[in-house]
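Derivation of every value follows stated rules applied to the coordinates shown; laboratory data play no part. Since this is a predicted model, take the numbers as computed values, not measurements. Note that each Cβ is placed from the backbone with ideal geometry, even for glycine, and that neighbours are counted across all protein chains shown.
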Amino acid sequence: MVIKRTISSLVINGLLFTLLYGCGGDSSDEVGFTKNVSQERQSNHVKAFFFGTGPYANPANDGCIGARARWVSFPVGNIIEMIVPAETIDNDYQFVVEEMDKINTAVAGYFTTMVVQSEKNDLTSPKANQITFNFVDRDGMEKHCGSAGGGGCIDMGFQKEGDHLIKNGTSYYPIDRGIFDVHEIGHGIGLCHVNQRAFPEGTMASESGSNIPSFSDSELAAINVVFTSGMAVGSTEQEFWDAGLIP
Ligand SMILES: [Zn+2]
């Protein structure tokens, strides 16, 4: 079973944001979410990233993929190919290599990414353990992302064992707008959005119109603490709390 879900970058209307924030968006009654309140800044980053909860989460668009209340990512031990199209310019290729080096350091061998440049430009049918980049025009953005003016999107596939285990991802970036970042690839390894108003730093806090290309040090620290925790992908937020990971 392959589950497809598309995450799009959205421009968030200020009024809408206020209303949703005012309603609280409390999801702690769902199974697996903790009702405990974390006190530490890194815990808030971890909760936003991995569960879409806490004060750093984006209540209007948490950007989470796959299973609710569970840590979603690639299975342990896998080698993930990050495939850029033939048309990729050298600077963009080098950017992806540098960002994936940061991710490899942060995940500390839980899985390993390697950057591959394809001989093709159409990379819309990835195999297992592949995340592809596709540069598309406005029609392509409309077709794949549901909006011609967005900053990018990614279609996710999951393993048959469940939608906490990522199988592959197909990302789309607008070729005509000069937007190229690792935000969609962040979703591709299972990360949710960070609310730009709460913590405006790092690519997972970027929204349309305020493109942040790279992972920040604090994002990478939050990734590192989870991937080196001894917990397994699929663990619930409550299990993170019980293990002392989000004090
Ligand atoms: Zn996003």
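Summing Lys, Arg as +1 and Asp, Glu as -1, what charge do residues with Cβ under 15 Å from the Cβ of G109 carry, G109 excluded? Once all neighbours under 15 Å are counted, the net charge is 0.
Charge dipole of the chain (Cα centre as origin; +1 on each Lys and Arg Cβ, -1 on each Asp and Glu Cβ, all else neutral): 520 debye, rounded to the nearest 20. Per residue, the average separation of C-alpha pairs within less than 8 Å and at least 6 apart gives region 145-247 a relative contact order of 19 percent.
Remark: region 62-70, residue by residue, has Karplus-estimated 3J(HN,Hα) of 6, x, 6, 10, x, 4, 7, 6, 10 Hz, where x stands for each Gly or Pro and the curve is 6.51 cos²θ - 1.76 cosθ + 1.60 at θ = phi - 60°. Around the amide H of V37, modelled in the peptide plane, lies no amide H under 5 Å away from a residue 5 or more places distant or on another chain. Sorting the segments 82-91, 196-205, 105-114 by their mean number of nearby beta carbons within 10 angstrom, highest to lowest, gives 196-205, 105-114, 82-91.
Farthest toward the positive end of the dipole of region 92-211, out of S206, M100, N168, is the Cα of N168, where the dipole comes from beta carbon charges about the Cα centre. Within the chain, DSSP assigns beta bridges of which about 40% are antiparallel (rounded to the nearest 5). Enumerate the residues in region 212-246 having an amide nitrogen under 17 Å from the point lying 7 Å beyond the Cα of E201 toward its Cβ. Only 212-225 fall inside the zone, counting backbone N under 17 Å.
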